Every structure is written in C-alpha cells, then in structure tokens.
Amino acid sequence: MIRKENIVLLLLIIIGITLGSYSLWKTSALDKEMEKSAYVNLKVLFEGFEMKKELAISLKRDLSQKQNELDSLLFQLQAFNNKLNSIKNNDKGELLKFQQLQNYYVQQKNVFDEYQYTKTQQFDSQIIEQMTQYIKDFGGDSDYEYIYGLNSNGNIMYAREYKDITKQVLQFINDKYQGKN
C-alpha cells in the first residue's frame, strides 16, 4: 500500500512540475507576443515638428534674399533686351554684352537652384536625425519594444488605429525640442 501511495504521490509531483513548467513557458511565450509596439505617421511628425517649422522659416528668408538678387538680375536682363529690341541697328558690342549678361544670369540661376537643393537636403537631414533621436527617447521612456514608421513607401501596409501614437510622439518631440522634457 505504501508503494502505491508513493507512486501516486510521485505521479502527482511529476504532473505538478510538468504543469508548472508548461505554465511558465506559456507565460514567457505570451510576454514575447505581447511586446509593446506601435507606429507613427512620419509625414505628420515631420510636418508638425517645431524644429522643421523654424528651419523652414530660416531657409525661406535665406532663399528669398538670394531670389531677390536673381530677380534683380533678370530685371536688368529684360531691360537690356527691351533696349536692344527698340534699336533697329544693334551694335555687335551691345549684343555681346547682352549675351554675357544672359549667360551670367543662367549661371547664377543654376547656382541658386543648386544652393536651394543642397540647403533643403541639409535641413531635412538635420531634422530627421533629431526627430529620430527624440522618437528613440520616447520609445525608451515609454517601454516600447518597437515603434514603426508609417510612410508612403509602404513599410507598413496595415496597422490597427489604436496602435497609432503619432499625436503622443509629436507632443513629446516638440516638448523635448523646446526643452520641456
């Protein structure tokens, strides 16, 4: 009889250990499935980021000044062209001056276009770098395992609306940029 009770007790212990191990394994697997993740709309973040707004104003001011210089040059070119059109017999020297001014304008326009492109790329890169760091800070502070970026490239084709934390992250990055965090 004692042996039968010992065997039953041993079986109960083995069953208990097995169930406990399974329960622990299942809880661990569920924890991995329940990792905290969300997504942000990168276009909304980029457009709403205060740093972007400030740099856009600075860039607009800078480009406006350079555009005014270019417009002034174009005005001179048009005035010169009107002068040449009003004269029946054009002096070859005057035509040469006009062509030189025209070439100079085209050159300055190309320089302006290149400057505008380069400055815009620099500002965008600077903004994205800062924004990315702030999103990492938000993720760490809020215990996220993953924060995905939704953009027009199709990185995320579908996500449930409740996983969208764009508004919270935008508030966080703007507060952080303004020194409130």
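Derivation of every value follows stated rules applied to the coordinates shown; laboratory data play no part. Note that the structure is a prediction, hence the values are computed from the model and not measured. Here the Cβ positions follow ideal geometry from the backbone for every residue, glycine too, while neighbour counts run over all protein chains shown.
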Would you tally the net charge around Tyr39, using a Cβ to Cβ cut-off of less than 14 Å, leaving Tyr39 out, and scoring K and R as +1, D and E as -1? +1
Could you tell me which of Thr120, Asn151, Ile135 has its Cα farthest along the dipole of the stretch 36-177 towards the positive end, charges placed at Cβ (Lys, Arg +1; Asp, Glu -1), taken about the Cα centre? Thr120
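If I stretch the segment between Ser58 and Lys163 completely, what's the gain in nm (0.36 nm per residue apart, minus their alpha carbon distance), one decimal?
Between Ser58 and Lys163, full extension yields 34.3 nm more.
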Leaving out same-chain residues fewer than 8 places away, which lysines sit with a Cα under 28 Å from that of Lys163? Lys26, Lys32, Lys36, Lys43, Lys52, Lys53, Lys136, Lys176, Lys180
Fully extended contour minus Cα-Cα distance, from Glu35 to Glu145, at 0.36 nm per residue: 39.0 nm
Once amide hydrogens are built 1.01 Å from N within the peptide plane, the residues lying 5 or more places from Asp164 or on another chain with amide H under 5 Å from its amide H are Tyr39
Using the reciprocal of the averaged 1/r over all distinct C-alpha pairs, how large is the Kirkwood radius of the stretch 111-181 in Å? 14.2 Å
If one puts a single equal scatterer on every Cα of the stretch 36-177 and applies the Debye formula without solvent, what log₁₀ I(q)/I(0) results at q = 0.10, 0.18, 0.19 Å⁻¹? -0.55, -1.00, -1.06
Which of the aspartates and glutamates could a cross-linker span from Lys167 if the Cα-Cα distance has to be under 18 Å and same-chain partners fewer than 8 positions apart are dropped? Glu47, Glu50, Asp137, Asp141, Asp143, Asp175
Full extension between Asn89 and Val111 adds, at 0.36 nm per residue less the Cα distance, a length in nm of 4.5 nm
Can you work out the FRET efficiency for the pair Phe98 and Asp124, with r the C-beta to C-beta distance and R0 = 45 Å, to the nearest 0.05? 0.70
